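Asks: I am attaching a structure below and will ask some questions about it afterwards.
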Amino acid sequence: MQQLVRNVKIIGTGSYVPETIYTNEYLETILETNSQWVIDNVGIKERHIAAPNQATSDLATIAGERAIKDAGLTSHDIDLIIVATATPDRKAPSTAAFVQHKLDARNAAAFDMNAVCSGFLFAMSVASQFIASGVYNHVLVIGADTFSRITDWSRRDAVFFGDGAGAAVLSSANVTEGFLAYRIYTDTTNEMLGFTIPGGGSEIPLTHDNMSEQFFQMNGKAVFSSATKALPKAIFQVLEDTGLTINDIDLMIPHQPSIRILQKTAEIIGLPFDKVMTNMDKYANTSGGTIPILLDEVNRAGKLKKGSTILFAAVGSGWTYGASIIKWG
Ligand SMILES: CC(C)(COP(=O)(O)OP(=O)(O)OC[C@H]1O[C@@H](n2cnc3c(N)ncnc32)[C@H](O)[C@@H]1OP(=O)(O)O)[C@@H](O)C(=O)NCCC(=O)NCCS
């Protein structure tokens, strides 16, 4: 593997899920499903749903604020904000620009990344390049989604997703040397909405009347088959890159598609399931939010010890997929 200029680490985590909860039992009353089937086959008991006045950036901003606080920084210390989302507030400006504005992170460039359920993992790896190369010192990476806005609540697929956001501050303790000189800017202080494409996102959602294709569509069998091939492939590759074996992994913090996908993956890679962290029972699949929400929970529970070897892995629409290994410090 190519040697990075500086090591990159996570110095703060945060998360936020909205207050409203839809239980499986509630969904039984509005669509054709069965709570026990969902628990047994998917591992989900309930999911959190954004309030009508909460856009993706509202969830992301709270998670980001918490991660910055956990890192012992202020929003002015953040050089770059990357928001991984498939459900942006609007088509323009980016959700990251709204987050920059709401956090008053006035020194941060900000942009979105869309790799759907792999988004946070992709965004972490992009953020790492900026820090490793010395361009930036503190990057706020956020995974946030509000799939409730693109869910057809009359269909049984509605059981799979929930809304939520998680965040991490990536940083390096080393002094920066050797810039190759490039920079980007984001300025939200003047006529922020001077050019905007307001409709079609989570802030002004389309309705059944104008476009039924706004809702997500899922072929469960295809997801299962792709995920259980993609995840092991990426995990075996990062193990080979690092010269580690699966026995060296202390904890796995994966995307949360369904319990069966994770059980099958753990079986293929030979990782005892008690090392696989899950929280889909409480939040369902929050897409870009799954890994950072789980990371924050595991962090707050004190399970991340200095020197622990943590495995991240994700798969999403496309299919995007990936894995990474971090030594916690
Ligand atoms: C969803 C999954 C468990 C379904 O398993 P499957 O064997 O493919 O199931 P099928 O779609 O053929 O359905 C089999 C039976 O399960 C039941 N079922 C399927 N979906 C259901 C739901 N949402 N609620 C209740 N019962 C359901 C039905 O009884 C169905 O019988 P029917 O076809 O006569 O209606 C499986 O495909 C899976 O885990 N896929 C991954 C999905 C995922 O992770 N998505 C999130 C990331 S995008």
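Asks: With respect to Asp281, determine if the residue is touching a residue at least 60 places away in the same chain (Cβ under 8 Å) and either away from the ligand (no atom under 16 Å from the Cβ) or not assigned by TED's automatic domain parsing to the domain that holds Arg149 (or both). Please lay out each step first, then the result.
Replies: Numbers: touching a residue at least 60 places away in the same chain (Cβ under 8 Å): yes; either away from the ligand (no atom under 16 Å from the Cβ) or not assigned by TED's automatic domain parsing to the domain that holds Arg149 (or both): yes.
It is true that Asp281 is touching a residue at least 60 places away in the same chain (Cβ under 8 Å) and either away from the ligand (no atom under 16 Å from the Cβ) or not assigned by TED's automatic domain parsing to the domain that holds Arg149 (or both).
Asks: Something else now. With respect to Leu244, determine if the residue is hydrophobic (A, V, I, L, M, F, W, C), more than 14 Å from the ligand (Cβ to nearest atom), in contact (Cβ under 8 Å) with a residue 60 or more places away in the chain and outside any helix (DSSP H, G or I). Steps first, answer last, please.
Replies: Working: hydrophobic (A, V, I, L, M, F, W, C): yes; more than 14 Å from the ligand (Cβ to nearest atom): yes; in contact (Cβ under 8 Å) with a residue 60 or more places away in the chain: yes; outside any helix (DSSP H, G or I): yes.
Yes.
Asks: Same structure again: Give me a count of the residues in the stretch 252-268 that are surrounded by fewer than 20 Cβ atoms within 10 Å (Cβ to Cβ) and in contact with a strand residue (DSSP E or B) (Cβ under 9 Å, 6 or more places away or on another chain).
Replies: 1
Asks: Out of the residues in the stretch 93-135 meeting the condition of being buried (at least 21 other Cβ atoms within 10 Å of the Cβ) and of a type in the set (Ser, Thr, Tyr), tell me which one is nearest to Ala55 (Cα to Cα).
Replies: Thr95
Asks: Moving on to the next point. Condition first: in the same structural domain as Pro232 (by TED's automatic domain parsing) and under 20 Å from Ala158 (Cα atoms). Can you find one or more residues in the stretch 292-302 that meet it?
Replies: Among the residues of the stretch 292-302, not one is in the same structural domain as Pro232 (by TED's automatic domain parsing) and under 20 Å from Ala158 (Cα atoms), which makes the answer no.
Asks: So which residues in the stretch 40-59 are touching a residue at least 40 places away in the same chain (Cβ under 8 Å), within 14 Å of the ligand (Cβ to nearest atom) and assigned to a helix (DSSP H, G or I), if there are any at all? Don't jump to the end; show me each part of the working.
Replies: Taking the stretch 40-59 and keeping what is touching a residue at least 40 places away in the same chain (Cβ under 8 Å), we get 41-50, 54-59.
When the remaining residues are screened for being within 14 Å of the ligand (Cβ to nearest atom), the result is 41-45, 47.
Selection gives Asn41, Val42.
Asks: Tally up the residues in the stretch 291-312 that are farther than 16 Å from Gly14 by Cβ, surrounded by 18 or more Cβ atoms within 10 Å (Cβ to Cβ) and out of contact with any Phe, Trp or Tyr (no Cβ under 8 Å at 6 or more places or on another chain), please.
Replies: Selection size over the stretch 291-312: 2.
Asks: Looking only at residues in the stretch 1-18 that are surrounded by fewer than 22 Cβ atoms within 10 Å (Cβ to Cβ) and more than 19 Å from Thr309 (Cα to Cα), which one is modelled with the lowest pLDDT?
Replies: Among those residues, the one meeting the criterion is Gln2.
Asks: Hey, any hits in the stretch 85-100 for a residue that's in a strand (DSSP E or B) and modelled with pLDDT under 95?
Replies: yes
Asks: When the stretch 14-36 is examined, which residues are found to be under 30 Å from Asp70 (Cα atoms) and in a strand (DSSP E or B)?
Replies: Selection gives Gly14, Ser15, Tyr16, Thr20, Ile21, Tyr22.
Asks: List the pairs whose first member sits in the stretch 60-82 and is at negative phi, whose second member is surrounded by fewer than 19 Cβ atoms within 10 Å (Cβ to Cβ) and of a type in the set (S, T, N, Q), and whose Cβ atoms are under 9 Å apart, counting only residues at least 6 apart or on separate chains?
Replies: Sorted first by the residue in the stretch 60-82, then by its partner, the pairs are Ile68/Thr74; Ser75/Asn107; His76/Asn107; Asp77/Asn107; Ile78/Asn107; Asp79/Asn107.
The values are calculated or read from the model by the stated rules, or taken from the named source; none is laboratory data. This is a predicted model, so every value here is computed, not measured. Because the Cβ atoms are built from the backbone with ideal geometry, glycine has one as well, and the counts that use them run over all protein chains shown.
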